[in-house]
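Please treat every number below as a calculation from the coordinates, not as lab data. Keep in mind that this is a model prediction, so the values were computed, not measured. Positions of Cβ are generated from backbone atoms using ideal geometry, with glycine treated the same way; all protein chains shown enter the neighbour counts.
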Amino acid sequence: MRFRRRPGVGPSRATTAALAAVAAATLVAACSSGGSSSSSSGATSTSSAKAAGETTIGVDLTYNNTAFWSAYINYESQYASQLHIKMIGPLLAGNDANTQNTQIETLVNEGAKAIVVNPETATSLGPAISYAAQHGVQLISVDTIVGVGHVYMVVRASNLEYGLDACALISSKVKSGYVLDLEGDLTSSNGADRTNAFNDCMAKNAPAVHILKDPTNWTEGTAVTDAQNAVNAYGSQLKAIYSQWSSPDTGIVPLLKSKGLTGKVLVVSDDGVPFEMCDISNGTLSASQSQPANLYAYWALKYAVDAATGVRLSAGQPGGGAPSLAMVSFGGDSNLGDPIVPPFVTKGQQTLNVTPVDGLSSTVTTTAVTDSSLWGNVYGNAHGGICSSS
């Protein structure tokens, strides 16, 4: 099934870099305190929150088992302290929508005044939204658009742009042969948007290329096995691999090296984690969409405090991660969003031109991996260097 949404108003890449630099500067002093641990059951006590002048905010995430989400949780812990938040959680749903809905009910019952949630899918939160609304609690969705009811804010980049950016780089260099698209979960808005935009853009800009469409449901082992099969089946005719998230890189990069294909097969992935910054610098990864874990964490918590304290926001007002807030739609529902446009990172800055799709820009300007404001560089350098986990 193909899902469509129109992208919201996004910031320029220069604006995003400036915002990232501000957030990164705040992080440097905090990183030495280490990361937070997460739990799939239970909740942090909030009995002292009122006395301490803190706002009690619940957090429920789908994952913590990727480099991106581990970094997100670390940032979230640090920003919670700065924003005078008493966090309950983060609870982990373990990729299970029913568990997530139940956990959000628990967070409401534990006294959360607002809840930050990374939904399992765009349409899986209906029961949780209804239950929270009955108790005067609003949700802030991070990284995933919501198409089943009202949330206070969606903090998410345009995943359509992710797919277009990957296409812009690959189609500029590949005009024939095969390209492997390691798709995420196509029932999620993120996986669907990245896949739709990539396929549409490649069809317009490199129509002679055969796209190998492999759904992985965000499973790393499936993605690496699919890459192995494609390498064995197509050999030198495999010209590029688009991995819609970063975890498979740790298997794909060594695979290509073992086959003598490093530098011969383009590899583009998403997340912008430290090891991707290392691999781009070393030339073993062609590009990565730097999904800003720092901005996601900060603005999700900031909007949670706004929701808890009755702040009213509307489209057109100044955003945090974007110049202005905008309505974003999915499945017939519209919610207010702060649509962040993340940097697309390559070894050196490039300007790429494509025939646009899905209302996106025809020009993609990449960010050099040496940019010190990129969250992957800041986080990596504060935790032993960008290549420490490569």
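The DSSP beta bridges internal to the stretch 231-390 are antiparallel in roughly 55% of cases.
Return the ratio Rg/(2.2 N^0.38 Å) for the stretch 257-316, where Rg is computed over Cα atoms only.
1.80
Placing dummy labels 7 Å off each Cα toward the beta-carbon, the span from residue 349 to residue 81 is 3.5 nm. On the beta carbon distance between residue 187 and residue 66, with R0 = 25 Å, the FRET formula returns roughly 0.85. Take every DSSP beta bridge whose two residues both sit in the chain, then give the antiparallel share in percent to the nearest 5. Close to 20 percent. For the peptides 311-323, 219-231, residues were scored by their other Cβ atoms within 10 Å and the scores averaged per peptide; the highest-first order is 219-231, 311-323.
Counting only Cβ charges, +1 for Lys and Arg and -1 for Asp and Glu, the dipole size of the chain around its Cα centre is about 740 debye. Taking the three principal axes of the alpha carbon atoms in the stretch 229-277, the coordinate ranges are 29, 18, 16 Å, sorted in descending order.
The alpha-carbon of residue 113 sits under 18 angstrom from the alpha-carbons of these lysines, leaving out residues fewer than 8 places away in its chain: 50, 86, 302.
Each peptide among 348-354, 92-98 gets the average number of other Cβ atoms lying within 10 Å of its residues, and from highest to lowest they stand as 92-98, 348-354. Which helices, taking whole DSSP H runs in the chain, have alpha carbons extending 24 angstrom or more along the helix axis plus mean Kyte-Doolittle at least 0.0? Flagged H segments are 13-30. In summary, the lysines within cross-link reach of residue 175, defined as a Cα separation below 29 angstrom excluding same-chain residues under 8 places away, comprise 204, 213, 239, 257, 259, 264, 347.
In sequence order, the stretch 342-350 has phi-based couplings of x, x, 9, 9, 10, 4, x, 5, 9 Hz under the Karplus curve 6.51 cos²θ - 1.76 cosθ + 1.60, θ = phi - 60°, and Gly or Pro positions carry x. Taking only the alpha carbons of the stretch 102-166, we obtain Rg and Dmax values of 12.9, 43 Å in that order.
Determine the sum of side-chain charges near residue 258: Lys and Arg each +1, Asp and Glu each -1, restricted to other residues whose C-beta is under 15 angstrom from that of residue 258. Result for the local shell: +2. Per residue, the convex hull spanned by the alpha carbons of the stretch 266-390 comes to 143 Å³. Taking the stretch 86-110 and a reference point 7 angstrom along Cα→Cβ of residue 134, the backbone N atoms nearer than 19 Å belong to 98-110. Counting 0.36 nm for each residue step from residue 311 to residue 363 and taking away their Cα separation leaves a gain of 15.1 nm.
Given +1 at the Cβ of Lys and Arg, -1 at the Cβ of Asp and Glu and no other charges, the dipole of the stretch 201-360 around its Cα centre is 440 debye to the nearest 20. Across the stretch 196-297, the convex hull enclosing all Cα atoms gives 113 Å³ per residue. Grouping the Cα pair distances of the stretch 106-255 into 10 Å bins from zero gives a pair-distance distribution of 11, 34, 27, 16, 9, 2 percent in increasing distance order. Quick check for you: which residues of the stretch 216-231 have the amide N under 16 Å from the point 7 Å beyond the Cα of residue 261 toward its beta carbon? Inside the label zone: 222-231. Please report the net charge: other residues with Cβ closer than 15 Å to the Cβ of residue 73, K and R +1, D and E -1. The answer is -4. Of all beta bridges that DSSP places with both ends in the stretch 290-380, some 80 percent have antiparallel geometry.
Computed over neighbours whose Cβ is under 12 Å from that of residue 92, the net charge equals -3, Lys and Arg +1, Asp and Glu -1.
Temperature 10 °C, viscosity 1.306 mPa s: under these conditions the Stokes-Einstein estimate for the chain, based on its Kirkwood radius over C-alpha pairs, is 76 µm² per second.
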